[in-house]
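Report on the structure given below.
The values are calculated or read from the model by the stated rules, or taken from the named source; none is laboratory data. Everything quoted here is computed from the prediction, not taken from an experiment. A quick note on method: Cβ atoms are made from the backbone with ideal geometry, for glycine too, and the neighbour counts reach across all protein chains shown. Each accessible area value is taken on the protein alone, full model and side chains, heavy atoms only, with ligands, DNA and RNA left out. Shrake-Rupley method; radii C 1.70, N 1.55, O 1.52, S 1.80 Å.
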Protein chains: 2
Amino acid sequence: MEDHEITIALDAMGGDDAPAVTVQGAAEATLESPLKVLLIGDEKAIQKELKKHKYHADQIEIIHTSHQISMGENPKIAMNQKPDASIVLATRKVSEGHAHALVSAGSTGAVILSAAKNIPRILGVHKAALAASYPTHNIQKRQDIFSLLLDVGANIHNSHHDLVHFAFMGATYAREIKKIENPSVGLLNIGAEEYKGGEKLARTHGILKTLPDINFIGNIEGNQIMQGLADVVVTEGLTGNIALKVMEGMASSVKHLGKQAFRQNVLWKMGLIMLSGGIRKLKDVTDYQEYGGAPIFGFDKMIIKCHGRSTAKAIKNALKLAAKSVRDDITGQISRYITNYEYHHADYDVEV
Amino acid sequence: MEDHEITIALDAMGGDDAPAVTVQGAAEATLESPLKVLLIGDEKAIQKELKKHKYHADQIEIIHTSHQISMGENPKIAMNQKPDASIVLATRKVSEGHAHALVSAGSTGAVILSAAKNIPRILGVHKAALAASYPTHNIQKRQDIFSLLLDVGANIHNSHHDLVHFAFMGATYAREIKKIENPSVGLLNIGAEEYKGGEKLARTHGILKTLPDINFIGNIEGNQIMQGLADVVVTEGLTGNIALKVMEGMASSVKHLGKQAFRQNVLWKMGLIMLSGGIRKLKDVTDYQEYGGAPIFGFDKMIIKCHGRSTAKAIKNALKLAAKSVRDDITGQISRYITNYEYHHADYDVEV
């Protein structure tokens with residue numbers, strides 16, 4: 001599919017600075033790409049923002065709703081109370097075929113629950129996965145200094161089959177979007193040996209190492225995450241969420257701790273001051289402000305979740321990323337891998 | 001109990017630089033404290049090292065064994081093959097009453113398995129817990145800039161009762177050893193709300209908030225770990241191990257990533273060079289080289305696990321820490337809290 005045929009549904013009301021940054025991001029995207037954007041949200045507010053920017057009017061369509069789910073709300077309760085909230089309507093537009101993919105900077109819970117309610121999962125997939133791209137120090141000189149960690153919180157716990165599915169999702173994305181030829185996949189665990197981490201992780205390890213379509217490099221320990229040994233790191237939602245948030249928290253904490261612990265040392269203090277811009281930059285990177293957003297895998301339409309504090313540039317990049325995912329048929333490819341895997345590994349009780 | 005009545009069993013062969021640093025640490029401990037040390041390991045090698053140092057001979061006793069378990073060995077297999085390995089013999093000496101506590105810088109797995117085989121658990125305790133002390137930036141100005149995280153890898157998964165036990169273990173240690181009056185306890189989780197993180201964590205949260213002996217401050221997210229909101233952070237072994245190792249890995253990775261990402265910026269580069277000593281220091285701190293070691297809770301005798309790369313100073317501090325734990329009856333206090341908790345919360349099927 002060509003870019004001018006691709007339509008992306010954008011939750012115009014999602015995110016801390018919506019609809020200002022969402023509308024600006026959409027406007028800028030139309031100038032850089034032939035993709036079409038459905039802006040879903042309060043029409044008056046959207047029109048008001050649109051007037052501030054240049055854009056290609058034939059690539060923008062507004063779908064009005066006066067309801068929205070804010071960051072602080074319990075997503076389950078809010079979805080029941082507001083069946084036409086912008087994020088819910090956006091997922092419906094996608095499932096009804098009016099758009100090919102979805103972008104939202106709204107509450108992660110609301111995005112995933114709305115998608116779960118309205119967009120079919122890929123056949124064989126039981127659990128969606130939220131992926132995060134994070135910077136590594138890439139000691140193996142991989143093509144990309146970033147690695148992809150999934151799941152980082154769409155779930156709490158997952159089965160070993162889910163974890164294998166996550167490996168296919170992450171590897172497909174790394175290959176198609178990041179253009180990494182044979183992306184390496186690691187399993188987040190407590191030690192290097194195959195038997196480590198309990199039965200579930202040991203079983204996952206045992207399967208991954210046999211799969212010809214996965215370049216499995218073994219277990220990755222917590223202290224190796226940032227080294228960037230693998231292009232894709234697979235883990236359950238609880239562990240992935242904690243690992244990602246520890247990384248995010250560390251970037252700012254190192255600065256504070258340094259100030260406190262080494263207060264007396266002038267050299268260290270000067271270093272910290274000089275570095276503080278760099279540390280802030282590092283934090284931005286883990287917030288993927290610049291990198292368009294985090295993919296949510298598992299549904300038969302691609303979803304890009306942007307950070308709540310996304311800038312217009314991040315929204316623009318997320319829209320282009322979503323279009324690229326559609327063009328490269330990411331969900332179709334994931335589907336084919338998982339169908340093939342399930343055929344060989346699921347327990348059929350069919351006698352031929 | 002007074003210090004001159006206290007005997008600590010030291011696995012003289014455990015650690016990367018054993019028996020040199022273990023013997024030196026023991027020798028130095030006898031000069032600073034009246035405690036007695038059982039040095040368990042190869043007598044000739046120990047005697048050779050002892051000759052290099054000053055020490056109080058009446059406070060040192062050598063118990064000979066020619067076997068030891070090295071870091072690379074599978075601890076389960078090694079324990080079966082070498083029933084008289086220094087760590088196994090050390091745990092037996094403790095359980096037989098020849099020593100009041102155990103210190104080892106050997107393989108964590110071997111220490112925990114030897115203890116599990118030879119030292120009774122505290123009544124009611126199902127799982128031992130390995131605790132790690134890590135530096136925080138202490139945004140709440142707690143008394144201590146360090147927080148205690150447990151379990152960090154004695155287990156993979158734990159029950160909600162185990163997690164409550166861990167809270168008692170950590171809080172008792174913080175109160176007695178760190179002299180924190182009413183230590184705050186947090187539960188590592190994926191979000192702030194009580195219902196987050198799945199049934200087990202929600203149940204743990206529900207119990208902890210009702211316990212009068214625990215100053216429970218709620219869930220702690222990954223990015224809050226380093227902020228140091230709580231004196232004690234409770235978690236299952238898998239999540240705790242990953243969180244701790246991500247922190248350890250981050251300290252060195254920040255430096256490397258910074259070098260790579262910001263290569264062009266001279267100011268940042270200079271800052272990194274000036275800081276690199278500080279970052280190394282930070283890494284050392286998380287390695288607890290200076291802080292004596294990490295307590296293993298759950299057995300009716302106190303165990304201090306030192307880092308494999310421990311210095312003589314770390315061993316000395318660990319011996320003194322172990323003696324302090326005996327003097328303050330840490331295991332007895334933990335036992336009383338847990339007995340009381342189990343009485344009120346366990347499901348008895350007794351009809352009176």
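Data overview
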quantity	calculated
Per residue, in Å², the accessible surface of chain B once ligands and nucleic acids are set aside, probe 1.4 Å	40 Å²
Accessible area buried at the A-B interface, both sides summed, 1.4 Å probe (Å², nearest 100)	4600 Å²
Share of alpha-carbon pairs per 20 Å distance bin for the protein assembly as shown, given as whole %	17, 46, 29, 8, 0
Modelled FRET efficiency - R0 60 Å, B:HIS4 with A:ALA116, Cβ distances, 0.05 increments	0.35
Too-long pairs where the Cα-Cα distance tops 25 Å, listed order kept, from A:LYS200/A:LYS324; A:LYS245/B:LYS178; B:LYS117/B:LYS313; B:LYS117/B:LYS305	A:LYS200/A:LYS324; A:LYS245/B:LYS178; B:LYS117/B:LYS313
Whole-percent carbon and sulfur share, accessible surface of the protein assembly as shown, 1.4 Å	50 percent
Other-chain or far-sequence residues with amide H under 5 Å of B:ILE220's (modelled H)	B:LEU187, B:LEU188, B:ASN189
Top of B:ALA230, B:ALA171, B:ALA202 by mean-square fluctuation, Gaussian network on chain B, Cα under 10 Å	B:ALA202
Residues in the stretch B:206-226 occluded by at least 30 Å² - accessible area, probe radius 1.4 Å, against chain by itself	B:GLY222, B:ASN223, B:MET226
√(5λ) per eigenvalue of the Cα gyration tensor, the stretch B:1-156, largest first, Å	26, 22, 16
Euclidean distance between Cα centres, the stretch B:135-163 to the stretch A:74-104, Å	39 Å
Whole-Hz couplings from phi, Karplus 6.51/-1.76/1.60, listed for the stretch A:151-158; x for Gly and Pro	7, 10, x, 5, 10, 9, 10, 9
Using θ = phi - 60° and Karplus 6.51 cos²θ - 1.76 cosθ + 1.60, couplings along the stretch B:181-190 (whole Hz; Gly, Pro as x)	4, 10, x, 7, 10, x, 10, 5, 8, 8
Cα gyration tensor, chain A - rounded (a/c under 1.5), prolate or oblate	oblate
³J(HN,Hα) computed for each position of the stretch A:10-15 - Karplus, 6.51 cos²θ - 1.76 cosθ + 1.60, integer Hz, glycine/proline x	10, 5, 5, 9, x, x
Residue of A:GLY206, A:GLY298, A:GLY237 that the Gaussian network model of chain A assigns the largest fluctuation, springs spanning Cα pairs under 10 Å	A:GLY206
Protein-protein interface of the stretch B:137-157, residues with accessible area decrease of at least 20 Å², isolated chain reference, 1.4 Å probe	B:HIS137, B:ILE145, B:ILE156, B:HIS157
Pseudo-label separations to other copies for A:GLU199 - Cα-to-Cβ vector, 7 Å, nm	1.6
Cross-link reach list, aspartates and glutamates versus B:LYS52, counting only Cα pairs under 18 Å and skipping chain neighbours closer than eight places	B:ASP17, B:GLU28, B:GLU32, B:ASP42, B:GLU43, B:GLU61
Under 5 Å, built H, 5+ apart or other chain: amide partners of A:VAL37	A:ILE8, A:ILE60, A:GLU61
Amide H contacts under 5 Å for A:ASN215, placed H, 5+ residues apart	A:VAL185
